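Input: a single structure, listed below in structure tokens.
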Amino acid sequence: MIQSAVTISLVAEAAGGPFVFWHDLPGAIAEARSLGFDAVEVFPPAPDAVDPRQLQRLLDDQGLKLAAVGTGGGWVRQKLHLCLPDAGGRQRARDYIRGIIDLAGGLGAPAIIGSMQGRWGEGVSREQARDWLVEALAELGAHANSYGVPLLYEPLNRYETNLVNTVEQGLELLRPLPAGRVKLLCDLFHMNIEEVDIAASLMAAGSQLGHLHFVDSNRRPAGYGHLDYGPIARALKSLDYGGYASAEAFAWPDSSTAARQTSDMFRRLFR
Ligand code: LER
Ligand code: MN
């Protein structure tokens, strides 16, 4: 059965970004619990910025799980990504992601590669960028696998990457990799921009769907935009999707209202 999660950003530089809760890990975890979420998704500024034992204690105290941990802090704070022209920069990007896999994997959760995938250009050809990305996903997916979790790879809309924008392109990118090691993260905000039919694309992802960013067309919480959630919920049910629907949305109009709205919408659609 599908599980609910809500995002918590601890990255000052990401202010105004699509995260429901901000900066206060204990407070956000307690509020997530009181609203009935199953889990939280954490966006840390660096792999060593969160003490895994403290995070596990906070989660245990509230009976919550860790849904996933984002790697985008490496892009937001250090402008790292996996397709940088210089080998040293690419290696630092891999090391950063490896550090997040160690943090998340130790707590039984997957890491997310979204903005850290990067883009081609500035002297790097599309083919070269793609090769570097697949090679990095192979190595990092194997590392995640050593913790018994997949790595999550997220297609982004055209304004954020020129590499992979759709589920179809994502499936094609992952095809050379060992099955199940790297799974797709489908973000309804990006999908609303890029897909012809969101529900059909989720069906196409099928068993390779590893995580869902649950959000509306305008990146506000589900129900505050114009997405039609009926076909999306039906697709997820018919896939028997048992992963997370994680609210990666603006704290609009504020964190508490955004979280409550998401929780209400999740219950209406899935419970
Ligand atoms: C970025 O737009 C996004 O959707 C994040 O989940 C990527 O890390
Ligand atoms: Mn996302």
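The values are calculated or read from the model by the stated rules, or taken from the named source; none is laboratory data. Note that the coordinates shown come from a computational prediction; the quantities given were computed from them, not determined experimentally. Heads up, the Cβs are rebuilt from the backbone with ideal geometry, glycines too, and the neighbour counts pull from every protein chain shown.
Quick look at the values:
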| quantity | calculated |
| --- | --- |
| Filtered residue count, segment 205-227, keeping only those that are away from ligand 2 (no atom under 16 Å from the Cβ) and either part of a loop (DSSP other than H, G, I, E, B) or more than 16 Å from the chain's Cα centre (by Cα) (or both) | 5 |
| Matching residues in segment 165-183 - criterion: being aliphatic (A, V, I, L, M), touching a residue at least 12 places away in the same chain (Cβ under 8 Å) and farther than 23 Å from Asn218 by Cβ | Leu171, Leu173, Leu174, Leu177, Val182 |
| Filter result (crowded, with 22+ Cβ neighbours inside 10 Å, part of a loop (DSSP other than H, G, I, E, B) and either of a type in the set (S, T, N, Q) or on the phi > 0 side of the Ramachandran plot (or both)) within segment 111-160 | Gly118 |
| Among (1) hydrophobic (A, V, I, L, M, F, W, C); (2) within 13 Å of ligand 2 (Cβ to nearest atom); (3) farther than 23 Å from Glu135 by Cβ, the one test that Leu202 misses | (2) |
| Identity of the residue in segment 50-83, within 16 Å of ligand 1 (Cβ to nearest atom) and more than 17 Å from the chain's Cα centre (by Cα), that ends up nearest to Val124 (Cα to Cα) | Cys83 |
| Sole residue being within 14 Å of ligand 1 (Cβ to nearest atom) and touching a Ser or Thr at 6+ places or on another chain (Cβ under 9 Å), chosen from Ala235, Ala251, Ala247, Ala222 | Ala247 |
| Residues being within 17 Å of Arg94 (Cβ to Cβ) and either away from ligand 2 (no atom under 16 Å from the Cβ) or at pLDDT below 95 (or both) - total across segment 139-156 | 9 |
| Segment 1-19: number of residues that are within 20 Å of Ile100 (Cβ to Cβ), β-branched (Val, Ile, Thr) and in a loop (DSSP other than H, G, I, E, B) | 1 |
| When residues of segment 254-271 are limited to those that are more than 20 Å from Glu41 (Cα to Cα) and assigned to a helix (DSSP H, G or I), the one farthest from ligand 1 (Cβ to nearest atom) | Arg268 |
| Some residue of segment 176-188 being within 13 Å of ligand 2 (Cβ to nearest atom), buried (at least 23 other Cβ atoms within 10 Å of the Cβ) and in a loop (DSSP other than H, G, I, E, B) | no |
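Condition check ((1) among the charged types (D, E, K, R); (2) surrounded by 17 or more Cβ atoms within 10 Å (Cβ to Cβ); (3) on the phi < 0 side of the Ramachandran plot; (4) away from ligand 2 (no atom under 16 Å from the Cβ)) across all residues:
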{"position": "Val6", "(1), (2), (3), (4)": "no, yes, yes, no"}
{"position": "Gly27", "(1), (2), (3), (4)": "no, no, yes, yes"}
{"position": "Pro45", "(1), (2), (3), (4)": "no, yes, yes, yes"}
{"position": "Ala67", "(1), (2), (3), (4)": "no, yes, yes, no"}
{"position": "Thr71", "(1), (2), (3), (4)": "no, yes, yes, no"}
{"position": "Gln78", "(1), (2), (3), (4)": "no, no, yes, yes"}
